[in-house]
1. Exactly one condition in (1) within 22 Å of Lys143 (Cβ to Cβ); (2) over 20 Å from the mean Cα position of the chain (by Cα) is not met by Met200; state its number.
2. Filter the stretch 230-242 for residues that are under 16 Å from Glu207 (Cα atoms) and not basic (Lys, Arg) and give the result.
3. Please go through the stretch 239-261 and pick out each residue that is under 22 Å from the mean Cα position of the chain (by Cα) and of a type outside the set (A, V, I, L, M).
4. Can you go through Asn101, Asn89 and tell me which one is among the polar types (S, T, N, Q) and within 21 Å of the chain's Cα centre (by Cα)?
5. Could you tell me how many of the residues in the stretch 1-36 are in contact (Cβ under 8 Å) with a residue 40 or more places away in the chain and either under 20 Å from Val103 (Cα atoms) or in contact with a Phe, Trp or Tyr (Cβ under 6 Å, 6 or more places away or on another chain) (or both)?
6. Find the residue count for the stretch 210-253, including only residues that are touching a Phe, Trp or Tyr at 6+ places or on another chain (Cβ under 8 Å) and free of Cβ contacts under 8 Å to residues at least 60 places away in the same chain.
7. Just one of Glu83, Glu67 is free of Cβ contacts under 8 Å to residues at least 24 places away in the same chain and among the acidic types (Asp, Glu); which is it?
8. Just name the residue that is farthest from the chain's Cα centre (by Cα) out of those in the stretch 57-86 that are open to solvent by 40 Å² or more (accessible area, probe 1.4 Å) and of a type in the set (Phe, Trp, Tyr).
Amino acid sequence: MRLNRNELRKIQYDFNSYSNRLLQADFNDHTDVLGKFLAFIESTPIILDYITDCGECDWDMDAEVTEVRSSYGRKIFSTGETEEEEVRNVFAVLKYIVDHNLVVCRGVGMGYSSSNNFQDMVKGFNERFVMVLIRHVERYLTKIGIDMGLDDKVVYNVSVQHGQAIIATDNATVTATNQIGVDSSELQRLIADIKAVVPMLAPEEQETVTECLEVIETETSAEKPKKGMLKTALTTLKTVKGITEFGAAVAALAEFIGTII
């Protein structure tokens, strides 16, 4: 497939939006929201190709789901040992749930929470099972962004082989330029660390963080970056109250950006 940096950003933004909605879904709406999440994945070639390339789940899904549902919380799904196994197995289970219109809190989710509350069961299922797939896709898209560099104008050909993205420009070479001397790979790694914990923040804070990171990515790739905007974005990130991992990731990014502003 062919896409540039801006198109990839839009895909990342949409994926985060669908993921966040699923993670926060009410137990009454969970299956419907899960269906929309999977529909987005299946309509987005760059993500679907990655999942497909991880192989096909070889479980007897009817038996597997029946065993978990009838265990009354004593059993949960095994995701697998490798990244490829986790991706294909989790996706296959979620697809089965949607295709058979199953309600997670009625059997499937009992083993993912010690609480008898339906919402807690759905929350536990999301955090311990669904999040496995979300994290792998986020890492995959972030790595593509790193390999693309920060040039919004270059169009890349992206293919997937053995779960890895193969990226080249039309001339079969990968280029990454930066006008202010930023190590683009390190910058993207630091931004990826923040994005990894964004789903754990409050909805309004997630939007704020996403906007700040977009400003930072845009300005650090500009010929004449607006250092005032970079400082404002970093200051805003520091005001967001998140978990310890979020604060540490923001501090690392601020220290890195501080060397150029």
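The values are calculated or read from the model by the stated rules, or taken from the named source; none is laboratory data. As the structure is a prediction and not an experimental result, all values here were calculated from the model. Backbone-built Cβ (ideal geometry, glycine too); neighbour counts: all protein chains shown. The area values use the complete protein model at the heavy-atom level, side chains included, leaving out ligands, DNA and RNA. Shrake-Rupley method; radii C 1.70, N 1.55, O 1.52, S 1.80 Å.
1. Going through (1) within 22 Å of Lys143 (Cβ to Cβ); (2) over 20 Å from the mean Cα position of the chain (by Cα) one by one, Met200 breaks only (2).
2. To start, the set of residues in the stretch 230-242 that are under 16 Å from Glu207 (Cα atoms) comprises 232-242.
Listed by number, the residues that qualify are Thr232, Ala233, Leu234, Thr235, Thr236, Leu237, Thr239, Val240, Gly242.
3. Lys241, Gly242, Thr244, Glu245, Phe246, Gly247, listed by residue number.
4. On the way: Asn101 fails: within 21 Å of the chain's Cα centre (by Cα).
The match here is Asn89.
5. Residues meeting the conditions: 12.
6. Within the stretch 210-253, the subset touching a Phe, Trp or Tyr at 6+ places or on another chain (Cβ under 8 Å) is 210, 240.
Adding the requirement that they be free of Cβ contacts under 8 Å to residues at least 60 places away in the same chain leaves 240.
Counting residues in the stretch 210-253 that are touching a Phe, Trp or Tyr at 6+ places or on another chain (Cβ under 8 Å) and free of Cβ contacts under 8 Å to residues at least 60 places away in the same chain gives 1.
7. Details: Glu83 fails: free of Cβ contacts under 8 Å to residues at least 24 places away in the same chain.
Of the residues listed, the single one that is free of Cβ contacts under 8 Å to residues at least 24 places away in the same chain and among the acidic types (Asp, Glu) is Glu67.
8. Looking at residues that are open to solvent by 40 Å² or more (accessible area, probe 1.4 Å) and of a type in the set (Phe, Trp, Tyr), I get Tyr72.
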